[in-house]
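> Take a look at the following structure, please.
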Amino acid sequence: MGGDGGYGGNGSIYWTVQHRNNGGAAPLVPKKGRRRLNLVDRTDEPGPQDHTIDLTNPVKTVGYDPVSVGRAGTVRNFTVTVRLSIFPIGVANAADIASYKGGAAAFEDVKNERKSEIRTTLENLKLYAEGAITRLDDGAEDDIVISIDVPVIERSQPPTGAANDPFEVNVHW
């Protein structure tokens, strides 16, 4: 099993998480709290080999993929891809630039501002990474955590996650 998750903007925040069945079609994922037949032990509740999505909490969604993880498992890493777009609207074609609020000059100003912010983000990431390497070399006994700011893109439509419209943040497992 495996999956992808994407997070992006268009005036609001859109997110998606999609389970994949060994790179193929997504498996049927039952919702927790709904009666259904367990495929393994024939009970009414999901079992340890069932994919689930728990929608019982109104502010948090929790999903479960029974994929085997770890050294002997099929999944050993999360691959996190971030899109640091210099274009505030996610694209750079002439029609979009001309229709940008404030026109082409405002678009260029925002683009240059975003370039500066992205440069700062990348410089900070470099410092975090160098600090983390030093901690590891010095015998760190706890987790290494790195956070970066990823600019939201002002799309006119929800992000698609396609190659020509990737999410700002994508997680693959």
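> On the given criteria, is Glu154 touching a Gly at 6+ places or on another chain (Cβ under 6 Å) and either under 28 Å from Gln18 (Cα atoms) or of a type in the set (Gly, Ala, Ser) (or both)?
Numbers: touching a Gly at 6+ places or on another chain (Cβ under 6 Å): no; either under 28 Å from Gln18 (Cα atoms) or of a type in the set (Gly, Ala, Ser) (or both): yes.
So Glu154 does not fit the description; no.
> Still on this structure, I have one more. Among the numbered criteria (1) part of a loop (DSSP other than H, G, I, E, B); (2) without any contact (Cβ under 8 Å) to a residue 60 or more places away in the chain, which one does Leu84 miss?
Among (1) part of a loop (DSSP other than H, G, I, E, B); (2) without any contact (Cβ under 8 Å) to a residue 60 or more places away in the chain, the lone unmet condition for Leu84 is (2).
> Let me ask you something else. Would you mind stating whether Asp109 is part of a helix (DSSP H, G or I), more than 21 Å from the chain's Cα centre (by Cα) and surrounded by fewer than 15 Cβ atoms within 10 Å (Cβ to Cβ)?
Values: part of a helix (DSSP H, G or I): yes; more than 21 Å from the chain's Cα centre (by Cα): yes; surrounded by fewer than 15 Cβ atoms within 10 Å (Cβ to Cβ): yes.
Answer is yes for this residue.
> When region 147-173 is examined, which residues are found to be exposed (fewer than 12 other Cβ atoms within 10 Å of the Cβ) and modelled with pLDDT of 80 or more?
So the first thing to find is which residues in region 147-173 are exposed (fewer than 12 other Cβ atoms within 10 Å of the Cβ), and the list is 147, 156-157, 162-164.
Across region 147-173, the qualifying residues are Ser147, Ala162, Ala163.
The values are calculated or read from the model by the stated rules, or taken from the named source; none is laboratory data. What you see is a predicted model, and the numbers here were worked out from it, not measured in a lab. Note that we place each Cβ from the backbone using ideal geometry, even for glycine, and neighbour counts take in every protein chain shown.
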